[in-house]
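Handing you a structure now.
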Amino acid sequence: MKKILYLAIGIAIILIPWTISLCTKTGEASGIAEITVDASQNLGQMPGITAVGVELSQWGNDFYKSYFRKKYEEDIENAGSIYRTGLNLRYHVSDLSNDIQKYIDHLNDFDSTMLSYEKEGVDLILTIYGMPKWLSKRCIKNRDGEYVCGPNWGATPPIDYDAWAEHVKGIVGYYKYKLGLDLWYEIWNEPDQGYLFSNTDFWLGSQEEYFKLYKYSVKGALEADPHAKIGGPASSVWDKGAIEEFIKYAATNSLPIDFITWHMYAGWNNFWGTKSEYREMSDTIREWLKQYGYDENTPLIINEWNNNASLNDLEDHTTEQNSAYAIYAVFNMLETGIDKQAFFNFVDFEHNSLFSGSTGIMSNEGVIKSVYNAFKALAILQGEPEDEITNRLKVDIGGDDDCFLAAIASQTKNNRVIRILISNYIPKAAMLKNGFSPKTYPCALKHRVIPRKISLNLTHVPFSGKAFMTTYLIDKNHSNSCRYNKETEEVQSDSPCGDNGIVDKLVMQAKNESQGKALLEANYFLRYRGYTERQIEIILRQLGECLEIDRETVFKDCISTSLESTCSQVMDLGSYPPDCDVFERDVTDFNTVYHNAYNDFYFSGDHTGLSGQTMNVSTWIDKINTDPHISLEGSKQTKQINITNGSYQEVITLQPYAVFLAEITLP
């Protein structure tokens, strides 16, 4: 019976180039780690925690660009994935809405994105977050009917809880009956930041006021949809009463809890990412659920996590260190009973530059990071190539040099593919000191600078004979846009990702070419409408700065102050446009044409214009992302191997902070 063996291994180390050598001996070597996968030990379907999850909420226009969503869907998304979104409700929808009807209307801005996640086996958490103006304690309506609001007006408790319940009812009803979506509704985001840590950016009320908000949220949600899933508390910590008191309050008031959510960042609130910490939180929260009368198997979801809580850290968020940490963290969650996870976050925050150290797996420009490639490897482990969830295999980690190693193995349901993912994450000084025993220090200090040899052993493989192994690698020298940029910078800088390296230059070239070609297309549109060259010059001079805005409602706000005067100047130069209403419509369409063309050029390299002609640019983002130094596929190597008596052994030597993927295929 034929078997195909894919082998995925992720390991992390820093300085020395990657080498892989075949070991002909079967005994344990001195000073070498051992990872053994028993192909006969099927542990059942891979748990949901290994399905790549991500926090989707964006604070800027990148939320609307389809390239990000499409690429992630093609590379990573698989059955079991979970996504979290909704923070944009506070920062976009509430800002533009003066009443509940306008609020619901502005949810339309997100329809296409929300609907794109409507897939079997993929769950979406919507965080209902941000107090609308008409319910905020820090907003008042002036004589003109407009709201004037104080600082952090979106973080207050409501002035009327029944009205808040109606607000939630409207949101749930919109997604259930207009879009046909069955979402998981999470109430608020990190309210404990306010009542535990005096951070009023998130919540200006007390813990009791948050609990009351949850109570009325349940009321509104269930009135809209009696089967709606609702949970929380989306806290920034799991202890200090944030979750236990939430469960206790819900039990006392007979409120449902369909899932528990919280956030974990290494280094925040004395959390260091160890397996024992994950086990403590999982066991303790399940005990609380049982104690207060809830199902102890209620899903536990860490729906924000990352290497640290800083929003700008190049080492932790952009280099190979985060790739290794990501796999290490998922392994610890898997081993300790956490049900699902969503990494923070999808795309870097708005206005962050290419290598700013922001938290996304992709930059604002669309360039993938090494951590993106690590999640791509994790998706392969979980069954993305077959579009089905794989089974988990038993893995043993040992040997003389196994500190901090993490390994996960899987097998496809047809038993033809075995995969392994290993992380050799080495904790930094603060994490090491606070989270681990001193006996681990020598090993950690050693492998921050010295490669680790690992003997990978497969046993009880139901096949013997020749096979092919295809390998992929993420480390300092492979699948790493940050380090590639550093390697190619012209003048050496202190930045871990370099300055003005090849990636910086290629992205700038893509922007410049795309802007030029998109403007030609937009000008063609205006000429087609009947505008003269002189009129077009005035439009560009007066309104050109607003072209950076591709969201129609915000673009209209931008041009509003100069629209009337620009229209007057344009109308003085010709018979068209007939009036300023037509002019506003044309300028809005002009902006849409520009951004549609720009996005086509910038992300995909070509655009078919209004004339029917297809135009091209020489450099674009998807081309950059497939560069051999940046993509996971760029590190691909293939060789023939021999499986003898159902066993295979190989010693791999890898850099610190690397992720290695191998696929063993039978002929």
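The values are calculated or read from the model by the stated rules, or taken from the named source; none is laboratory data. Everything quoted here is computed from the prediction, not taken from an experiment. Counting neighbours? That spans all protein chains shown, and the Cβs are built from the backbone with ideal geometry, glycine included. These area figures cover heavy atoms from the full protein model, side chains too; ligands, DNA and RNA do not enter into them. Shrake-Rupley method; radii C 1.70, N 1.55, O 1.52, S 1.80 Å.
For H460, work out the one condition from (1) under 17 Å from V37 (Cβ atoms); (2) surrounded by fewer than 19 Cβ atoms within 10 Å (Cβ to Cβ); (3) in contact with a helix residue (DSSP H, G or I) (Cβ under 9 Å, 6 or more places away or on another chain) it doesn't fulfil.
(3)
Take the residues of segment 48-66 that are at pLDDT 90 or above and touching an Asp or Glu at 6+ places or on another chain (Cβ under 8 Å): which is most open to solvent (accessible area, probe 1.4 Å)? I'd like the intermediate steps shown before the answer.
Applying the first criterion (at pLDDT 90 or above) to segment 48-66 yields 48-55.
Now narrow it down to the ones that are touching an Asp or Glu at 6+ places or on another chain (Cβ under 8 Å): 48-49, 52, 55.
Details: G48: 27, I49: 1, V52: 5, E55: 0 Å².
It comes out as G48.
If you don't mind, there's one more thing I want to ask. Please identify the pairs in which a residue from segment 523-548 that is small (G, A, S) has its Cβ atom under 6 Å from the Cβ atom of a residue that is modelled with pLDDT of 95 or more, counting only partners at least 6 apart or on another chain.
G530/Y576
Here are some conditions: (1) over 24 Å from S562 (Cβ atoms); (2) out of contact with any Phe, Trp or Tyr (no Cβ under 8 Å at 6 or more places or on another chain); (3) free of Cβ contacts under 8 Å to residues at least 24 places away in the same chain. G501 meets all but one. Which one does it not meet?
Result: G501 passes all but (2).
For segment 312-330, check the following and say yes or no: at least one residue is open to solvent by 10 Å² or more (accessible area, probe 1.4 Å), in contact with a Phe, Trp or Tyr (Cβ under 9 Å, 6 or more places away or on another chain), touching a residue at least 60 places away in the same chain (Cβ under 8 Å) and not in a helix (DSSP H, G or I).
For segment 312-330, residues open to solvent by 10 Å² or more (accessible area, probe 1.4 Å), in contact with a Phe, Trp or Tyr (Cβ under 9 Å, 6 or more places away or on another chain), touching a residue at least 60 places away in the same chain (Cβ under 8 Å) and not in a helix (DSSP H, G or I): absent.
Is it the case that segment 111-130 has a residue that's open to solvent by 20 Å² or more (accessible area, probe 1.4 Å), modelled with pLDDT under 95, under 20 Å from L213 (Cα atoms) and not hydrophobic (A, V, I, L, M, F, W, C)?
No.
Let me ask something else about it. For residues that are of a type in the set (D, E), in contact with a Ser or Thr (Cβ under 9 Å, 6 or more places away or on another chain) and open to solvent by 60 Å² or more (accessible area, probe 1.4 Å), scanning just segment 274-299, find the one that is nearest to Y249 (Cα to Cα).
Among them, the one singled out is D283.
Name the helices (runs of 4 or more DSSP H) wholly within segment 472-590 that hold at least 2 residues that are surrounded by fewer than 20 Cβ atoms within 10 Å (Cβ to Cβ)?
Fully inside segment 472-590 and qualifying: 502-529, 533-543, 552-571.
Check off (1) in a loop (DSSP other than H, G, I, E, B); (2) open to solvent by less than 60 Å² (accessible area, probe 1.4 Å); (3) of a type in the set (K, R) for R416 and give me the number that stays unchecked.
(2)
How many residues, within segment 642-667, are over 27 Å from C403 (Cα atoms) and either of a type in the set (K, R) or surrounded by fewer than 19 Cβ atoms within 10 Å (Cβ to Cβ) (or both)?
7
Return the residue satisfying two criteria in turn: it lies in segment 149-158 and is open to solvent by 10 Å² or more (accessible area, probe 1.4 Å) and touching a strand residue (DSSP E or B) at 6+ places or on another chain (Cβ under 7 Å), and of such residues it is nearest to P132 (Cα to Cα).
Within segment 149-158, the first condition is being open to solvent by 10 Å² or more (accessible area, probe 1.4 Å), and the residues that meet it are 149-153.
Subset that is touching a strand residue (DSSP E or B) at 6+ places or on another chain (Cβ under 7 Å): 149, 153.
Values: C149: 11, W153: 8 Å.
Once the filter is applied, the top-ranked residue is W153.
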